[in-house]
Amino acid sequence: MGRADRRHPAAGRLNIVNGFGLEAGKPLASNPRISKIAFTGETTTGRLIMQYASENLIPVTLELGGKSPNIFMEDVCREDDDFFDKAIEGFVMFALNQGEVCTCPSRALIHERIYDQFMEKALKRVEAIVQGDPRDSATMIGAQASSEQKDKILSYFDIGRKEGAEVLIGGEAADHGGELSGGFYIKPTVFKGHNKMRVFQEEIFGPVVSVTTFKDQDEALSIANDTLYGLGAGLWSRDANTCYRFGRAIQAGRVWTNCYHAYPAHAAFGGYKQSGIGRENHRMMLDHYQQTKNMLVSYSPKKLGFF
């Protein structure tokens, strides 16, 4: 718990409360002394936070789950150049921070005409990921946050296989031996399937991407928006018109164009649909923590004259 200045009990106070949801989150969200709640986490927990906050009718902002599409148009492979190489890296961004990112690009949509050429390079890039001790500067990704998270990811590997998804690489735990033996390591994994599969629709929160193809831009947009979530998205194309139209049409609060996981500190962050309510980081965030007050003052001693 933070400790305030004794002379000014409320000055600069910051209280940090540790604990699980039922012992910390629920009491905070339902406490009558709390006037605003902001929650970051999974969608099911976000619903509970809203219910708790409704007891006192306090405002809530929620940053919840995501199943972000990463769309690669046909013209990405038009040249074997730096842009193509950048797009390949954009695909592999699903493994950043072990995939434990709300806006993880966990669905890759690739134009059917470039699928083979694109995936040949993409899988080699995934295979080259260095996993291990995060204290080693050569390490690119480490272990999952907990044994529970590791088990959840492994369960989705079983789900994907039962649904008929093809494992292109990974699909199992990793044991690096030595001091790292027994760590919560998951091999970066690429599934191939279709968008109705659970591995395409449910947030796995690990280094896992599910890949499908599309035949034209209309189908790409339809697949991208066919999700309960709307937190992030990526669009890769050399055509400015395509970039602009998709940036507006994708139902997501943040759309990266020819980049991914790059953002200035002030960039607005938040989601459509079941990815949440409200925005963070941007100046508009301040509105969520303030009230608009209207004061009507008369400086005339004369009555209005109605009565």
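Miscellaneous remarks
- Taking the listed residues ASP133, ASP151, the one that is at pLDDT below 95 and surrounded by 12 or more Cβ atoms within 10 Å (Cβ to Cβ) is ASP133, with no other qualifying.
- GLU166 falls short on exactly one of the conditions (1) more than 16 Å from GLY206 (Cα to Cα); (2) out of contact with any strand residue (DSSP E or B) (no Cβ under 7 Å at 6 or more places or on another chain); (3) loosely packed, with under 14 Cβ neighbours inside 10 Å; (4) at pLDDT 95 or above, and that condition is (2).
- A single entry from ASN294, ASN281 fulfils the requirement of being modelled with pLDDT of 95 or more, farther than 16 Å from PRO69 by Cα and either open to solvent by 50 Å² or more (accessible area, probe 1.4 Å) or touching a Ser or Thr at 6+ places or on another chain (Cβ under 9 Å) (or both): ASN294.
One line per residue, one yes/no per condition, for (1) of a type in the set (Asp, Glu); (2) at pLDDT 95 or above; (3) open to solvent by 50 Å² or more (accessible area, probe 1.4 Å):
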| residue | (1), (2), (3) |
| --- | --- |
| MET1 | no, no, yes |
| GLU23 | yes, no, yes |
| ARG47 | no, yes, yes |
| GLU63 | yes, yes, no |
| ASN70 | no, yes, no |
| ALA95 | no, yes, no |
| GLU100 | yes, yes, no |
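- Segment 196-208 residues that are basic (Lys, Arg), paired with ones that are assigned to a helix (DSSP H, G or I) (beta carbon under 9 Å, 6 or more apart): LYS196/GLU163; ARG198/TYR156; ARG198/ILE159; ARG198/GLY160; ARG198/GLU163
- Of all residues in segment 190-236, those that are buried (at least 24 other Cβ atoms within 10 Å of the Cβ), part of a loop (DSSP other than H, G, I, E, B) and among the polar types (S, T, N, Q) total 1.
The values are calculated or read from the model by the stated rules, or taken from the named source; none is laboratory data. Computed from a predicted model, the values in this text were never measured in an experiment. Backbone-built Cβ (ideal geometry, glycine too); neighbour counts: all protein chains shown. With ligands, DNA and RNA removed, areas are computed over all heavy atoms of the protein, side chains included. Shrake-Rupley method; radii C 1.70, N 1.55, O 1.52, S 1.80 Å.
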